Amino acid sequence: MTRNVLVIGLGLIGGSLALACQKCPQTRVYGYDLSEKTRELASALNIVHEVVEDVEGAARNADVFIFGTPVNATLQWMDALKDWQLKKNVVVTDTGSTKSLIMKKAIELRDKGITFIGGHPMAGSHKSGVTAARPYLFENAYYILTPFDDEDGNNILLLEHLLKYTLAKIIKVNAEEHDHMTAVVSHFPHIVAASLVHQLNEENKKYPMTSMLAAGGFRDITRIASSNPMIWRDITLQNRNELIGQLDAWIGEMHRVKEILLQNDDESIEKYFAIAKEVRDALPISTGAFYTTYDLYVDIPDYPGVISEVTGYLAEENISITNIRVVEAREDVFGILVISFQNKKDREKAINCIRSRTNFEMHVS
């Protein structure tokens, strides 16, 4: 029997999920987006088997609902869903970055007999929109589910069976744990990155060359500050209580660092950095939250056409890159050409490609 999946919201996340779900046997994927242009592109790019115009009509035949929309929009859709005619055993899920508000609203659906299992695929890209959708976007990333504690295990298994075609690592936690952990590893770092950029901006007013030197480590640690401001406005507000707690802890940590500096104790300072290095080096390198880059540093000589030469080699072997940049101020990096790849496999292929054609030194970040 064919399983009908309806994806509402066909941007990067919703579109990528739709493509992954198409790989599931005996599954037909329908899609809807508020944007007419997105619906047209989704149809042209075969993001779904069929784009629908009447979303409520399509909902009547859906076995699984996936909301690929931002949290605020998902909350509105969930309100509408309460009055729709749905299949008795339909399973509804979302992709939102915060879960407490979603699961609170899900209680209202449950009162209507509708099964809701919160979801959050922790992957993304520097690109956005339906044209950036890829079926392998979630491969090896964590996909968190936040079912109710007493949720029917068969409903969870049904959703897990569908989502296994994303090739993500599926784990289950409650909504409060999710929001706390993502505040620590994702939401709060965005605030820190933005604050560092604000500090640079102020310093640049006094010392105009400061921004010219902002390469290497500064660019790496503040990359996420280039994320969509509206998305992070919403995430920050939705998870504000957890973030306030993280800010309090951060302020306390900065006071501790200040005290170490005031003591002028070289042993304490070295120990501070040593512990940080030990913890950082122990972090998993192949998975993480949201967009992960696989960077390759290439120490290229300075002559005209060298960059096109390197990219030409990669093009000859159909190796796709996601970003490329030249680092001029490089006190703390090993090369001046930084090439980013979608995954580790592409980076390894690039290393072999460049090594077979040049004697350029390379370093993996």
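The values are calculated or read from the model by the stated rules, or taken from the named source; none is laboratory data. Small disclaimer: the values here were computed from a predicted structure and weren't measured. Here Cβ is always computed from backbone atoms with ideal geometry, including for glycine, and neighbour counts include all displayed protein chains.
Structural remarks
- Look at the range 99-127: where a residue is surrounded by fewer than 18 Cβ atoms within 10 Å (Cβ to Cβ) and a partner is at pLDDT 95 or above and part of a loop (DSSP other than H, G, I, E, B), sitting 6+ places away or on another chain with Cβ atoms under 8 Å, you get ARG110/PHE148.
- Any hit, the range 213-231, residues being in a helix (DSSP H, G or I) and closer than 23 Å to THR146 by Cβ: yes
- Restricting attention to the range 143-178 and to residues that are assigned to a strand (DSSP E or B) and in contact with a Lys or Arg (Cβ under 6 Å, 6 or more places away or on another chain), the residue that is surrounded by the most Cβ atoms within 10 Å (Cβ to Cβ) turns out to be THR146.
- Test for VAL48: is it within 22 Å of the chain's Cα centre (by Cα), under 19 Å from ILE170 (Cα atoms) and modelled with pLDDT of 95 or more: no
- All positions within the range 50-64 that are free of Cβ contacts under 8 Å to residues at least 60 places away in the same chain and crowded, with 16+ Cβ neighbours inside 10 Å: VAL51, VAL52, VAL55, ALA58, ALA59, ALA62
- Within the range 107-134, the residues that satisfy the criterion of being out of contact with any Ser or Thr (no Cβ under 9 Å at 6 or more places or on another chain) and of a type in the set (A, V, I, L, M) are ILE107, ILE114.
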